[in-house]
Amino acid sequence: MEDVLTVYALPYDAKRPVVCMDEKPLQLLDHKRKAMPMERGKPLREDSEYVRRGTCSIFMFNEPLGGYRYVDAKEHRTKVDWAHQVKRLVDEDYPDVDTILLVMDNLNTHKLGSLYSAFAPEEAFRIASRIEIHYTPKHGSWLNMAECELSALTSQCLATRRLPDLETVSREISTWCRERNARQKGIDWQFKTADARIKLKRLYPVIKE
(Lines give C-alpha, C1' and ligand atoms only; values in the text may rest on other atoms or scores of the structure.)
Protein backbone atom coordinates (compact mmCIF):
# COMPACT_ATOMS: atom_id res chain seq x y z
CA MET A 1 0.00 0.00 0.00
CA GLU A 2 2.69 2.49 0.97
CA ASP A 3 4.53 1.75 -2.27
CA VAL A 4 1.53 2.90 -4.31
CA LEU A 5 0.92 5.94 -2.09
CA THR A 6 4.58 6.92 -2.44
CA VAL A 7 4.25 6.76 -6.22
CA TYR A 8 1.14 8.96 -6.05
CA ALA A 9 3.05 11.52 -3.99
CA LEU A 10 5.77 11.96 -6.62
CA PRO A 11 5.86 15.33 -8.40
CA TYR A 12 4.83 15.35 -12.02
CA ASP A 13 7.62 14.14 -14.30
CA ALA A 14 6.91 14.06 -18.03
CA LYS A 15 9.68 11.53 -18.51
CA ARG A 16 8.34 9.19 -15.79
CA PRO A 17 4.53 9.44 -15.95
CA VAL A 18 2.40 7.62 -13.41
CA VAL A 19 -0.32 5.66 -15.22
CA CYS A 20 -3.06 3.66 -13.50
CA MET A 21 -4.63 0.71 -15.27
CA ASP A 22 -7.81 -1.25 -14.56
CA GLU A 23 -10.35 -3.33 -16.43
CA LYS A 24 -13.93 -4.49 -16.03
CA PRO A 25 -16.40 -6.78 -17.79
CA LEU A 26 -19.47 -5.30 -19.45
CA GLN A 27 -22.67 -7.11 -20.36
CA LEU A 28 -23.97 -6.34 -23.85
CA LEU A 29 -27.71 -5.72 -23.89
CA ASP A 30 -30.13 -5.12 -26.75
CA HIS A 31 -33.78 -4.05 -26.87
CA LYS A 32 -36.30 -6.85 -27.14
CA ARG A 33 -38.76 -4.42 -28.68
CA LYS A 34 -38.11 -1.20 -30.55
CA ALA A 35 -38.18 1.86 -28.31
CA MET A 36 -40.77 4.56 -28.84
CA PRO A 37 -38.95 7.78 -29.69
CA MET A 38 -39.24 11.01 -27.74
CA GLU A 39 -42.06 13.34 -28.74
CA ARG A 40 -43.25 16.73 -27.59
CA GLY A 41 -44.46 16.24 -24.03
CA LYS A 42 -43.50 12.55 -24.03
CA PRO A 43 -40.16 11.03 -22.96
CA LEU A 44 -38.34 8.20 -24.68
CA ARG A 45 -40.16 4.96 -23.85
CA GLU A 46 -38.33 1.65 -23.65
CA ASP A 47 -39.56 -1.81 -22.77
CA SER A 48 -38.13 -3.19 -19.53
CA GLU A 49 -37.32 -6.51 -21.23
CA TYR A 50 -33.94 -6.86 -22.89
CA VAL A 51 -31.85 -9.39 -24.80
CA ARG A 52 -28.39 -10.48 -23.65
CA ARG A 53 -25.76 -10.29 -26.40
CA GLY A 54 -22.77 -11.62 -24.48
CA THR A 55 -20.03 -9.64 -22.77
CA CYS A 56 -16.93 -7.62 -23.52
CA SER A 57 -14.07 -6.19 -21.47
CA ILE A 58 -13.20 -2.54 -20.87
CA PHE A 59 -9.53 -1.54 -20.45
CA MET A 60 -8.83 1.79 -18.76
CA PHE A 61 -5.48 3.60 -18.63
CA ASN A 62 -5.40 6.88 -16.72
CA GLU A 63 -2.61 9.37 -16.04
CA PRO A 64 -4.02 11.36 -13.10
CA LEU A 65 -1.51 14.22 -13.09
CA GLY A 66 -1.51 14.49 -16.88
CA GLY A 67 -5.30 14.63 -17.14
CA TYR A 68 -5.18 11.90 -19.78
CA ARG A 69 -6.98 8.62 -20.13
CA TYR A 70 -7.34 5.93 -22.80
CA VAL A 71 -10.18 3.43 -22.79
CA ASP A 72 -10.72 0.47 -25.10
CA ALA A 73 -13.17 -2.42 -25.44
CA LYS A 74 -12.21 -5.95 -26.43
CA GLU A 75 -13.99 -9.27 -26.65
CA HIS A 76 -11.78 -10.81 -23.95
CA ARG A 77 -9.29 -9.84 -21.27
CA THR A 78 -6.68 -12.57 -21.56
CA LYS A 79 -2.98 -12.11 -20.89
CA VAL A 80 -2.43 -11.60 -24.62
CA ASP A 81 -5.08 -8.86 -24.67
CA TRP A 82 -3.37 -7.16 -21.74
CA ALA A 83 0.04 -7.47 -23.43
CA HIS A 84 -1.22 -5.73 -26.57
CA GLN A 85 -2.75 -2.97 -24.48
CA VAL A 86 0.58 -2.36 -22.75
CA LYS A 87 2.42 -2.35 -26.08
CA ARG A 88 0.03 0.30 -27.34
CA LEU A 89 0.57 2.30 -24.15
CA VAL A 90 4.35 2.21 -24.58
CA ASP A 91 4.55 2.78 -28.33
CA GLU A 92 1.61 5.11 -29.01
CA ASP A 93 0.76 7.02 -25.84
CA TYR A 94 4.24 7.44 -24.35
CA PRO A 95 6.85 6.71 -27.04
CA ASP A 96 9.34 9.32 -25.79
CA VAL A 97 9.32 8.81 -22.01
CA ASP A 98 12.04 7.03 -20.06
CA THR A 99 9.81 4.83 -17.88
CA ILE A 100 6.09 4.44 -17.30
CA LEU A 101 5.19 3.86 -13.64
CA LEU A 102 2.25 1.50 -14.09
CA VAL A 103 -0.13 1.05 -11.13
CA MET A 104 -2.60 -1.85 -11.29
CA ASP A 105 -4.00 -4.77 -9.33
CA ASN A 106 -2.22 -8.08 -9.06
CA LEU A 107 -4.42 -9.99 -11.51
CA ASN A 108 -2.80 -13.12 -12.93
CA THR A 109 -2.76 -11.62 -16.44
CA HIS A 110 -1.02 -8.43 -15.26
CA LYS A 111 2.47 -9.93 -15.36
CA LEU A 112 5.54 -9.28 -17.45
CA GLY A 113 5.33 -12.93 -18.46
CA SER A 114 2.18 -12.08 -20.41
CA LEU A 115 4.33 -10.02 -22.78
CA TYR A 116 6.36 -13.12 -23.60
CA SER A 117 3.13 -15.02 -24.33
CA ALA A 118 2.16 -12.41 -26.91
CA PHE A 119 5.46 -11.34 -28.49
CA ALA A 120 8.91 -12.62 -29.43
CA PRO A 121 11.41 -12.43 -26.53
CA GLU A 122 13.22 -9.39 -27.95
CA GLU A 123 9.98 -7.44 -28.34
CA ALA A 124 8.65 -8.54 -24.94
CA PHE A 125 11.88 -7.42 -23.26
CA ARG A 126 11.79 -4.07 -25.07
CA ILE A 127 8.30 -3.37 -23.79
CA ALA A 128 9.02 -4.66 -20.28
CA SER A 129 12.09 -2.43 -19.99
CA ARG A 130 9.88 0.64 -20.51
CA ILE A 131 7.54 0.01 -17.57
CA GLU A 132 7.90 -0.11 -13.81
CA ILE A 133 5.03 -2.00 -12.19
CA HIS A 134 3.51 -1.06 -8.82
CA TYR A 135 0.77 -3.41 -7.63
CA THR A 136 -2.06 -2.43 -5.34
CA PRO A 137 -2.31 -4.77 -2.34
CA LYS A 138 -4.79 -7.61 -2.07
CA HIS A 139 -8.25 -6.23 -1.24
CA GLY A 140 -6.82 -2.78 -1.91
CA SER A 141 -7.97 -2.16 -5.46
CA TRP A 142 -9.61 1.07 -4.23
CA LEU A 143 -6.07 2.50 -4.24
CA ASN A 144 -6.09 2.29 -8.03
CA MET A 145 -7.12 5.67 -9.44
CA ALA A 146 -8.18 4.00 -12.68
CA GLU A 147 -11.17 2.71 -10.69
CA CYS A 148 -12.29 6.33 -10.29
CA GLU A 149 -12.22 6.76 -14.07
CA LEU A 150 -14.07 3.48 -14.64
CA SER A 151 -16.71 4.63 -12.18
CA ALA A 152 -17.12 7.91 -14.09
CA LEU A 153 -17.26 6.05 -17.41
CA THR A 154 -19.90 3.67 -16.08
CA SER A 155 -22.17 6.35 -14.62
CA GLN A 156 -21.80 8.84 -17.50
CA CYS A 157 -21.78 6.47 -20.47
CA LEU A 158 -22.21 2.74 -19.96
CA ALA A 159 -25.09 2.69 -17.47
CA THR A 160 -27.22 5.24 -19.29
CA ARG A 161 -28.18 3.08 -22.27
CA ARG A 162 -28.28 -0.45 -23.64
CA LEU A 163 -25.25 -1.27 -25.74
CA PRO A 164 -25.83 -4.34 -27.94
CA ASP A 165 -22.41 -5.01 -29.49
CA LEU A 166 -18.69 -4.31 -29.29
CA GLU A 167 -18.79 -1.79 -32.13
CA THR A 168 -21.38 0.33 -30.33
CA VAL A 169 -19.47 0.13 -27.04
CA SER A 170 -16.23 1.18 -28.75
CA ARG A 171 -17.89 4.14 -30.41
CA GLU A 172 -19.54 5.37 -27.22
CA ILE A 173 -16.50 5.04 -24.96
CA SER A 174 -14.24 6.68 -27.55
CA THR A 175 -16.54 9.70 -27.65
CA TRP A 176 -16.61 9.85 -23.83
CA CYS A 177 -12.83 9.57 -23.68
CA ARG A 178 -12.21 12.35 -26.21
CA GLU A 179 -14.56 14.73 -24.41
CA ARG A 180 -13.10 13.98 -20.98
CA ASN A 181 -9.54 14.40 -22.23
CA ALA A 182 -10.50 17.70 -23.88
CA ARG A 183 -11.63 18.97 -20.47
CA GLN A 184 -8.33 17.74 -18.96
CA LYS A 185 -10.19 16.23 -16.04
CA GLY A 186 -7.69 15.02 -13.44
CA ILE A 187 -7.96 13.32 -10.04
CA ASP A 188 -7.12 15.16 -6.82
CA TRP A 189 -5.86 12.26 -4.71
CA GLN A 190 -5.89 13.16 -1.01
CA PHE A 191 -5.09 9.88 0.78
CA LYS A 192 -1.43 9.94 1.86
CA THR A 193 0.93 7.50 3.58
CA ALA A 194 0.58 9.37 6.88
CA ASP A 195 -3.20 8.92 6.66
CA ALA A 196 -2.81 5.20 6.00
CA ARG A 197 -0.64 4.71 9.08
CA ILE A 198 -3.39 6.23 11.22
CA LYS A 199 -6.66 5.22 9.59
CA LEU A 200 -5.50 1.75 8.53
CA LYS A 201 -3.34 1.00 11.54
CA ARG A 202 -5.04 -2.38 11.96
CA LEU A 203 -3.48 -3.57 8.69
CA TYR A 204 0.07 -3.05 9.90
CA PRO A 205 1.94 -5.83 11.72
CA VAL A 206 2.39 -5.50 15.45
CA ILE A 207 6.02 -5.81 16.56
CA LYS A 208 6.38 -7.29 20.03
CA GLU A 209 9.57 -6.46 21.87
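How would W176, W82 line up by accessible area, probe 1.4 Å, largest first?
From most accessible down to least: W176, W82.
Kindly report the accessible area of the chain per residue (heavy atoms of protein chains, probe 1.4 Å, no ligands, DNA or RNA), in Å².
59 Å²
Using 1/(1 + (r/R0)^6) with R0 = 41 angstrom and r between the beta carbons of K208 and K24, what's the FRET efficiency to the nearest 0.05?
For K208 and K24, the calculated efficiency is 0.50.
At a probe size of 1.4 Å, how large is the accessible area of V80, to the nearest 10 Å²?
The accessible area comes out at roughly 50 Å².
Antiparallel DSSP bridges in the chain: what percent, to the nearest 5?
The answer is about 70 percent antiparallel.
Which percent of the accessible heavy-atom area of the chain goes to carbon and sulfur, probe 1.4 angstrom?
Heavy-atom surface of the chain belonging to carbon and sulfur, 1.4 Å probe: 53 percent.
Please turn the phi angles of the range 97-105 into ³J(HN,Hα) values with the Karplus equation 6.51 cos²θ - 1.76 cosθ + 1.60 (θ = phi - 60°), one per residue in order, whole Hz, x for glycine and proline.
7, 6, 8, 9, 7, 9, 9, 6, 7
What shape does the range 70-121 take by its C-alpha gyration tensor, where a ≥ b ≥ c are the square roots of the eigenvalues and a/c under 1.5 counts as rounded, a/b above b/c as prolate, and the rest as oblate?
rounded
List residues of the range 78-112, by number, whose backbone nitrogen lies under 11 Å from a label position 7 Å along Cα→C-beta of R126.
It comes to 91, nothing else.
Sort Y68, Y8 by accessible area with a 1.4 Å probe, largest first.
Solvent-accessible surface, decreasing: Y68, Y8.
Among W82, T6, S151, whose Cα projects farthest towards the positive end of the dipole of the chain, with charges put on the beta-carbon of Lys, Arg (+1) and Asp, Glu (-1)?
S151
I need the phi-derived Karplus couplings for the range 4-13: 6.51 cos²θ - 1.76 cosθ + 1.60, θ = phi - 60°, integer Hz, Gly and Pro marked x.
The phi angles translate into 5, 5, 5, 4, 5, 7, 5, x, 4, 9 Hz.
For C20, what residues show an amide H to amide H distance below 5 Å, using hydrogens built from the backbone and excluding near sequence neighbours?
HN-HN under 5 Å from C20: N62, E63, V103.
What is the set of long-range amide H partners of E132 at a cut-off below 5 Å, with H atoms built 1.01 Å from backbone N?
I100, L101, L102
With each run of n ≥ 4 DSSP H residues scored as -39500 (n - 2.57), what mean residue ellipticity at 222 nm is computed for the chain after dividing by its residue count and rounding to the nearest 500 deg cm²/dmol?
Roughly -9000 deg cm²/dmol at 222 nm, from the helical runs in the chain.
The values are calculated or read from the model by the stated rules, or taken from the named source; none is laboratory data. Note that this is a predicted model, so its numbers are computed, not measured. No Cβ is skipped: glycine too gets one built from the backbone with ideal geometry, and neighbour counts run over all protein chains shown. Quick note on the areas: whole protein, heavy atoms, side chains included, nothing else; ligands and nucleic acids left out. Shrake-Rupley method; radii C 1.70, N 1.55, O 1.52, S 1.80 Å.
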